[in-house]
């Protein structure tokens, strides 16, 4: 029974890690779209990129932390 739970936990951890990668791809696509739409960069664009970086970093950190905990990694930062 314990092996089954560990196996399922590893599958869910794998899914969360790949979801984190997908979020990173979405972030890159949004930045590319923003660069294409705004051909002349302004300070407003820089503020939008900073917001995107901050929000997506929080989401990715959350997903990777969950993935690591489910995978049983013990050396996690607080």
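Every read-out reported here was derived from the displayed coordinates using simple, explicitly stated rules and does not represent laboratory data. Just so we're clear, the structure is a prediction, and the values are computed from it rather than from any experiment. Every residue, glycine as well, gets a Cβ built from its backbone with ideal geometry; the counts of neighbours run over all protein chains shown.
Across the chain, C-alpha contacts under 8 Å between residues 6 or more apart give a mean separation that, scaled by the residue count, equals a relative contact order of 52 percent.
Two decimals is fine: what is log10 I(q)/I(0) at q = 0.16, 0.21, 0.24 Å⁻¹ for segment 2-71, from a Debye sum with one equal scatterer on every Cα and no solvent? Results for segment 2-71 at q = 0.16, 0.21, 0.24 Å⁻¹ read -0.62, -0.83, -0.96. Taking 7 Å steps out from each Cα toward its Cβ at residue 35 and residue 22 produces label points 2.4 nm apart. For segment 58-73, backbone nitrogen atoms closer than 17 Å to the point 7 Å from residue 15 Cα along Cα-to-C-beta are found at 63-72.
The long axis of helix 43-71 is offset from the longest Cα principal axis of the chain by roughly 10 degrees.
Going by alpha carbons, how many degrees (0 to 90, nearest 10) lie between the helix axis of 2-37 and the longest principal axis of the chain? Between the helix axis and the principal axis of the chain, the angle is about 0 degrees. Using a Förster distance of 22 Å, how high is the FRET efficiency between residue 2 and residue 73, based on the Cβ-Cβ distance and rounded to 0.05? The value I calculate is 0.80.
Result for the chain in a Gaussian network model with C-alpha springs under 10 Å: among 61, 44, 31, the largest mean-square fluctuation is at 44.
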